[in-house]
Amino acid sequence: MTTNTESPDVITATLLLAPKVMAASVMGFADMIYVANRVALSQGQPEPFKLRMLSLDGQPVICSTGYPLAVDGDLASAESNGVLIVPGLMLADGRHLDRALSHYRPQIDWLKHNHQRFDRVVTNCSATFLLAEAGLLDGKSATTSWWLTKAFARRYPQVDLDADAICRCSDHFILGGGSGCFTDLMLVIIERYGGQPLARTVAKYMLVDNQRRSQAPYAILPDTNHDDVVVARAQAWIHRHLQQDFKVEDVARHVAVSSRTLIRRFQNTLAESPQTYTQRARIEHSKLLLETTQLRFSEIVERCGYSDESAFRRLFKKLCKVSPSEYRRKFHIAHQVPAVAE
């Protein structure tokens with residue numbers, strides 16, 4: 001991006017691009033920087049940001065969808081101070097992390113030895129794993145993509161993980177949740193260096209919801225993409241019988257193992273008990289019904305295998321961080337798709 005009016009206080013935003021980076025995050029960060037500069041100019045202010053995209057060796061990077069992304073140079077040319085942004089990577093799940101992260105060892109080592117050169121280091125989605133792997137988040141508060149939180153917690157027990165958080169600030173690190181959190185992170189950066197009015201205006205122009213406080217309403221159940229056939233069969237049975245009242249013993253009997261074995265295999269595979277998984281499956285089913293039907297909440301509760309509406313409401317709010325009525329207002333398809341005139 002060409003800088004027309006660069007003040008002495010211009011902030012360099014350096015994007016570190018690694019292989020399989022999420023292109024949407026890269027371009028999302030870049031677009032928000034561009035819009036912030038345009039808005040500042042329209043208000044008679046100098047552009048607050050200068051953008052640089054760098055890779056390890058200065059060569060184009062192949063993003064997660066296979067397209068090459070051009071860069072401005074290599075990491076050796078990174079300017080000190082300013083903001084370092086590490087956009088999310090395509091780590092689809094928490095399996096095979098050793099192999100996946102081994103490909104990023106050069107970037108991890110560079111971050112370990114160079115992070116203090118920057119005023120702020122920003123990551124979102126799975127890129128937070130690079131900081132944790134470098135040992136930079138030990139004893140600090142962090143967040144990552146909701147579907148990777150269990151793998152993150154197992155691998156980095158010394159990090160204070162807030163699994164539901166959209167954004168966490170700890171020392172000079174600013175960490176975001178899922179890949180779409182680049183909007184939230186960029187608004188934090190714009191506000192810090194350009195002021196709240198500028199951040200508010202950018203949010204308006206880009207139609208960004210800057211009121212999100214938790215990833216929890218967006219989280220869904222993990223799929224059956226694992227290697228434990230018994231757990232997969234148990235998951236399928238649970239989903240077929242959500243409306244019924246059953247116990248762990250009933251599930252274990254239908255998959256021909258003992259209750260103790262089933263509990264152990266759930267813990268090893270999903271890092272939770274069959275009871276907890278069943279609770280979350282019922283909540284997930286209720287979310288679908290809240291999104292797609294006009295059923296009364298009492299009817300939804302019955303279809304999810306509960307008889308105590310108050311207890312289910314409390315469980316819903318505990319897991320989703322919003323009430324059922326708030327969830328329906330935000331996600332019901334009638335609120336998202338305009339009615340077609342007849």
How about the stretch 217-262: which trypsin sites (Lys or Arg not before Pro) there are in a DSSP loop, with at most 14 other Cβ atoms within 10 Å of their Cβ?
-> 247
For Rg/Rh (Cα atoms, Kirkwood Rh), which listed value, (i) 1.03; (ii) 0.96; (iii) 1.10, comes from the coordinates shown?
-> (i)
With all protein chains present, calculate the accessible area of residue 169 using a 1.4 Å probe and round the result to the nearest 10 Å².
-> 90 Å²
Suppose every K and R has +1 on its Cβ and every D and E has -1 on its Cβ; what is the size of the dipole of the stretch 1-156 about the Cα centre, in Debye to the nearest 20?
-> 600 debye
Using a basic spin-label model with each label point 7 Å from the Cα along Cα→Cβ, how many nm lie between residue 80 and residue 172?
-> 1.0 nm
Antiparallel DSSP beta bridges within the chain, percent to nearest 5 | 30 percent
Within the stretch 296-334: backbone nitrogen closer than 17 Å to the residue 272 label point (7 Å, Cα to C-beta) = 304-306, 312-322
Partner lysines for residue 321 [C-alpha distance under 27 Å; skip if fewer than 8 residues away on the same chain] | 140, 150, 204, 247, 287, 330
Surface accessible to a 1.4 Å probe, per residue, for the residues of the stretch 1-121, Å² | 48 Å²
Over the stretch 1-123, calculate the relative contact order: mean separation of alpha carbon pairs under 8 Å at least 6 apart, over the residue count, as a percent.
-> 31 percent
Taking a crude spin-label model, label points 7 Å out from Cα along the C-beta direction, the residue 307 to residue 243 distance in nm is 1.7 nm
Solvent-accessible area, 1.4 Å probe, carbon plus sulfur percent, for the chain | 49 percent
Put +1 on the Cβ of every Lys and Arg and -1 on every Asp and Glu Cβ in the stretch 171-254; which of 217, 206, 186 then has its Cα farthest towards the positive end of the dipole?
-> 206
State the answer as a single residue: which of 90, 254, 71 lies farthest towards the positive end of the charge dipole of the chain, with beta carbon charges of +1 for Lys and Arg and -1 for Asp and Glu, about the Cα centre.
-> 254
Using r as the Cβ-Cβ distance of residue 294 and residue 314, and R0 as 25 Å, what FRET efficiency do you calculate, to the nearest 0.05?
-> 0.60
Heavy-atom accessible area per residue - the stretch 182-294, 1.4 Å, Å² | 54 Å²
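The values are calculated or read from the model by the stated rules, or taken from the named source; none is laboratory data. These numbers were taken from a predicted model, which means no experiment stands behind them. Here Cβ is always computed from backbone atoms with ideal geometry, including for glycine, and neighbour counts include all displayed protein chains. In case anyone asks, the SASA skips ligands and DNA or RNA and just uses the protein heavy atoms, side chains included. Shrake-Rupley method; radii C 1.70, N 1.55, O 1.52, S 1.80 Å.
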